[in-house]
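Below is one structure, written out as structure tokens; the observations come after it.
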Number of protein chains: 2
Amino acid sequence: MRPEDERPPVVAFSDRVAAAVELKRSQLVVGLDPRIDLLPVELRGEAVGGREAAAAAVERFCKGIIDAVAPYVVAVKPQVAFFEALGSDGWRALESVSRYAAEIGLLVIADAKRGDIGSTARAYAAAFLEPRGAEPPLADALTVNPYLGGDSMDPFLSACRNHGAGLFVLVRTSNAGGRDLQDAVLSDGTPVWRHVAGLVAEWGADLTGERGMSSVGAVVGATVPRVIGDARRTMPQAIILLPGVGAQGATPADVARAFTSGPASALDNASRSVIYAYRDGEDDWRAAAGHEAARLTAETWAASGW
Amino acid sequence: MRPEDERPPVVAFSDRVAAAVELKRSQLVVGLDPRIDLLPVELRGEAVGGREAAAAAVERFCKGIIDAVAPYVVAVKPQVAFFEALGSDGWRALESVSRYAAEIGLLVIADAKRGDIGSTARAYAAAFLEPRGAEPPLADALTVNPYLGGDSMDPFLSACRNHGAGLFVLVRTSNAGGRDLQDAVLSDGTPVWRHVAGLVAEWGADLTGERGMSSVGAVVGATVPRVIGDARRTMPQAIILLPGVGAQGATPADVARAFTSGPASALDNASRSVIYAYRDGEDDWRAAAGHEAARLTAETWAASGW
């Protein structure tokens, strides 16, 4: 880069996470999993009448949740599948919701679990992590699937380097079927998931920010606590995204050991337990989400030991 | 199902493939990988002016290719990443292109490599493989990633059972990085990809059609011929989708051993070598694609030994 270059310097995703964690004293990410059948009744009514109406209801719901949880969370994580289930109308809602979250200062992690080869991976990087003409990227970070190996990661790693993007690579997922492949044991005694963790450490080695963490993070299910400490040791610089807090059963205490690399070295992800909190009480749906986010944030912060 | 039920019986995806293969004497699938920078100059010009214009150009290109190759191929395989790179406008083009292909009688394999857990996998199945209100499914079959294991497959398997959908599970991909995880050797001496092949055989065991093939197929890169025979033996009932023919270097002869379970037991996939064939000659882009599809179809049929 020439010294007179006008482009602002790229701030590493991991440093942006660290700044947000310190500012908000929060390590919480709220997942946006908009299921029509779980929407508050007023929005479920609006969603009748085809996919365009459903997408509009989803958009209103997500924006309401974002407003409610914004003071307490560092990021939102739209689950792309629920938008895609509404086709191009859903994608338009995803774009609008992501823009809205970014405008009010939240990081956006697109949960899309993409993974492909060569020019196709390049296209996914462009879709999610690169500026779109005059518009900013759709998301700050993306979840990706490691099954296709290192060269399938290259375009995403370039987006980290050139645009300050982040990645969360699936390492050990929170579902029962995670065992089928991820827990298979290699000839050297390493389970597949730890082999992948080693690859994650390698892929992210030269993408560390000023705070020492890498922009290449990992997804490790909070429902398998025995794995978390081991994952932390194998990937000391990876930000660990921990789904499974809340609705899937894990508690923040289960996952405290993920935070041993620093206050911004892991993120708790709660989705349904926050966004559908209204179903367990008498609060307005927005208020219920805000209360639950505030509660989980405080609980996580305390449990993280920072 | 009650005897008086009015719903037409579900025809297994594998039987639909077999019927198309016999009718057309073809085992060719043409991939639709619309890259703006490779489009014919007339369309590249139209694509200038933002994503909506680019999506319109992509739609025209794909429909032109579909018209040209329709007599020679059993299916088209839109690569979803290239549409997603154009955001919601791209998704609208994907919907339009898929509908067009279905209307002129081609099977549509959405190459999206999706994979997620629980209700999220459910949403992906709805997005790609299930009727959308009064409209038919976006695609007849979907490529999926096995990293999340058996329960992540369940919603897709249900779509196979209830809607005659098909799956192609990534087993061994054609890229160099496929080695990083897929070739890792398990403690019993099995490479990871063959372990996955075993899972594919299991997942598809009760989804066989009248011709004996399963609706749960597999992706095995045609660039790793030594793997193909082994994959065939491990998954005798899986339709093997073979990317890598053409631009990626494999020849139909390399892959003939995939066809030992029957003429419709494998599908050769060529993408760039067909849709961008015009770049190597003086033909109109549609004519060039048609000629190359016809040539590859005949070559594959001869090499398959049927």
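The values are calculated or read from the model by the stated rules, or taken from the named source; none is laboratory data. Source: prediction; values computed, not measured. As a convention, Cβ positions derive from the backbone with ideal geometry for all residues, glycine included, and neighbour counts pool all protein chains shown.
Criterion first (on the phi < 0 side of the Ramachandran plot, surrounded by fewer than 23 Cβ atoms within 10 Å (Cβ to Cβ), in contact (Cβ under 8 Å) with a residue 12 or more places away in the chain and of a type in the set (D, E, K, R)) does A:Arg25 satisfy it?
On the way: on the phi < 0 side of the Ramachandran plot: no; surrounded by fewer than 23 Cβ atoms within 10 Å (Cβ to Cβ): yes; in contact (Cβ under 8 Å) with a residue 12 or more places away in the chain: yes; of a type in the set (D, E, K, R): yes.
No: the conditions fail for A:Arg25.
Answer with yes or no whether A:Ala125 is within 24 Å of A:Ala294 (Cβ to Cβ), in a helix (DSSP H, G or I) and not charged (D, E, K, R).
No; evaluated as a whole, the condition is false for this residue.
Specify the residue that is nearest to B:Arg232 (Cα to Cα); the eligible residues are those in segment B:257-306 that are under 20 Å from the mean Cα position of the chain (by Cα) and among the basic types (Lys, Arg).
Step by step, filter segment B:257-306, then rank; the result is B:Arg257.
Out of curiosity, is A:Ala19 closer than 30 Å to A:Gln237 by Cα, under 17 Å from the mean Cα position of the chain (by Cα) and surrounded by fewer than 18 Cβ atoms within 10 Å (Cβ to Cβ)? Even if it seems obvious, please write down each step before you answer.
Details: closer than 30 Å to A:Gln237 by Cα: yes; under 17 Å from the mean Cα position of the chain (by Cα): yes; surrounded by fewer than 18 Cβ atoms within 10 Å (Cβ to Cβ): yes.
Against the criterion (closer than 30 Å to A:Gln237 by Cα, under 17 Å from the mean Cα position of the chain (by Cα) and surrounded by fewer than 18 Cβ atoms within 10 Å (Cβ to Cβ)), A:Ala19 qualifies.
Considering only residues that are of a type in the set (S, T, N, Q) and in a loop (DSSP other than H, G, I, E, B), which ones fall in segment B:9-26?
Once the filter is applied, which keeps residues that are of a type in the set (S, T, N, Q) and in a loop (DSSP other than H, G, I, E, B), segment B:9-26 yields only B:Ser26.
Exactly one condition in (1) closer than 20 Å to A:Asp15 by Cβ; (2) small (Gly, Ala, Ser); (3) out of contact with any Leu (no Cβ under 7 Å at 6 or more places or on another chain) is false for A:Ala81; which is it?
(1)
Would a scan of segment B:105-112 turn up a residue that is free of Cβ contacts under 8 Å to residues at least 24 places away in the same chain, out of contact with any His (no Cβ under 8 Å at 6 or more places or on another chain) and farther than 19 Å from B:Val219 by Cβ? Explain how you work it out, then say what you get.
Within segment B:105-112, the subset free of Cβ contacts under 8 Å to residues at least 24 places away in the same chain is none.
Checked segment B:105-112: no residue is free of Cβ contacts under 8 Å to residues at least 24 places away in the same chain, out of contact with any His (no Cβ under 8 Å at 6 or more places or on another chain) and farther than 19 Å from B:Val219 by Cβ.
Scanning segment A:178-211 for residues that are assigned to a strand (DSSP E or B) and facing chain B (nearest Cβ under 9 Å), which turns out surrounded by the most Cβ atoms within 10 Å (Cβ to Cβ)? Walk me through how you get there before you give the answer.
Of the residues in segment A:178-211, the ones assigned to a strand (DSSP E or B) are A:185-186, A:191, A:208.
Among the residues that remain, those that are also facing chain B (nearest Cβ under 9 Å) are: A:185-186.
Working: A:Val185: 14, A:Leu186: 16.
Top of the filtered list is A:Leu186.
Name the residues in segment A:28-49 that are more than 23 Å from A:Val80 (Cβ to Cβ) and either part of a helix (DSSP H, G or I) or in contact with a strand residue (DSSP E or B) (Cβ under 7 Å, 6 or more places away or on another chain) (or both), would you? Talk me through it step by step, then tell me what you get.
Restricting attention to segment A:28-49, the residues satisfying the condition of being more than 23 Å from A:Val80 (Cβ to Cβ) are A:41-42, A:45, A:48-49.
A:Val41, A:Glu42, A:Gly45, listed by residue number.
Being more than 10 Å from chain B (Cβ to nearest Cβ) and without any contact (Cβ under 8 Å) to a residue 60 or more places away in the chain is the requirement here; does A:Val97 meet it?
Details: more than 10 Å from chain B (Cβ to nearest Cβ): yes; without any contact (Cβ under 8 Å) to a residue 60 or more places away in the chain: no.
In short, no.
If I go through segment A:128-153 residue by residue, how many of them are under 18 Å from A:Val29 (Cα atoms) and either assigned to a loop (DSSP other than H, G, I, E, B) or at the interface with chain B (Cβ under 7 Å from one of its Cβ atoms) (or both)?
3
Check off (1) among the acidic types (Asp, Glu); (2) touching a residue at least 24 places away in the same chain (Cβ under 8 Å); (3) closer than 15 Å to B:Gly115 by Cβ for A:Asp180 and give me the number that stays unchecked.
(2)
Kindly list, by first and then second residue, each pair from a residue in segment A:275-296 that is surrounded by 14 or more Cβ atoms within 10 Å (Cβ to Cβ) and assigned to a loop (DSSP other than H, G, I, E, B) to a residue that is of a type in the set (A, V, I, L, M, F, W, C) and at pLDDT below 95, limited to pairs with Cβ atoms under 9 Å and residues at least 6 apart or on different chains.
Listed pairs, sorted by first residue: A:Tyr276/A:Ala247.
From the list A:Ala121, A:Ala134, pick out the single residue that is crowded, with 18+ Cβ neighbours inside 10 Å and either free of Cβ contacts under 8 Å to residues at least 40 places away in the same chain or not aromatic (Phe, Trp, Tyr) (or both).
Values: A:Ala134 fails: crowded, with 18+ Cβ neighbours inside 10 Å.
Step by step, each of A:Ala121, A:Ala134 is checked, and only A:Ala121 is crowded, with 18+ Cβ neighbours inside 10 Å and either free of Cβ contacts under 8 Å to residues at least 40 places away in the same chain or not aromatic (Phe, Trp, Tyr) (or both).
Looking only at segment B:212-229, filter to residues that are part of a loop (DSSP other than H, G, I, E, B) and among the β-branched types (Val, Ile, Thr); which one of those is farthest from the chain's Cα centre (by Cα)?
Initial filter on segment B:212-229 (part of a loop (DSSP other than H, G, I, E, B)): B:212-213, B:221-224.
Now narrow it down to the ones that are among the β-branched types (Val, Ile, Thr): B:223-224.
Working: B:Thr223: 17, B:Val224: 18 Å.
Filtering segment B:212-229 for residues that are part of a loop (DSSP other than H, G, I, E, B) and among the β-branched types (Val, Ile, Thr), the one farthest from the chain's Cα centre (by Cα) comes out as B:Val224.
So which pairs qualify, if the first residue must be in segment A:154-177 and away from every other protein chain (no Cβ under 12 Å) and more than 22 Å from B:Leu148 (Cα to Cα), the second must be in a strand (DSSP E or B) and not aromatic (Phe, Trp, Tyr), the Cβ gap must be under 6 Å, and the two must be at least 6 apart or on different chains?
A:Cys160/A:Ser215
Is it fair to say B:Glu52 is surrounded by fewer than 17 Cβ atoms within 10 Å (Cβ to Cβ), at pLDDT 95 or above, within 26 Å of A:Leu86 (Cβ to Cβ) and not aromatic (Phe, Trp, Tyr)?
Details: surrounded by fewer than 17 Cβ atoms within 10 Å (Cβ to Cβ): yes; at pLDDT 95 or above: yes; within 26 Å of A:Leu86 (Cβ to Cβ): yes; not aromatic (Phe, Trp, Tyr): yes.
For B:Glu52, the condition - surrounded by fewer than 17 Cβ atoms within 10 Å (Cβ to Cβ), at pLDDT 95 or above, within 26 Å of A:Leu86 (Cβ to Cβ) and not aromatic (Phe, Trp, Tyr) - is met.
Would you tally the residues in segment A:154-177 being of a type in the set (A, V, I, L, M), under 19 Å from the mean Cα position of the chain (by Cα) and not in a helix (DSSP H, G or I)? I'd like the intermediate steps shown before the answer.
Applying the first criterion (of a type in the set (A, V, I, L, M)) to segment A:154-177 yields A:157, A:159, A:165, A:167, A:169-171, A:176.
With under 19 Å from the mean Cα position of the chain (by Cα) added as a condition, the list becomes A:157, A:159, A:165, A:167, A:169-171.
Now drop any that are not not in a helix (DSSP H, G or I), which leaves A:165, A:167, A:169-171.
Result for segment A:154-177: 5.
Does A:Val108 count as of a type outside the set (Ser, Thr, Tyr) and either crowded, with 24+ Cβ neighbours inside 10 Å or within 15 Å of the chain's Cα centre (by Cα) (or both)?
Values: of a type outside the set (Ser, Thr, Tyr): yes; either crowded, with 24+ Cβ neighbours inside 10 Å or within 15 Å of the chain's Cα centre (by Cα) (or both): yes.
Considered against the rule, which asks whether it is of a type outside the set (Ser, Thr, Tyr) and either crowded, with 24+ Cβ neighbours inside 10 Å or within 15 Å of the chain's Cα centre (by Cα) (or both), A:Val108 comes out as yes.
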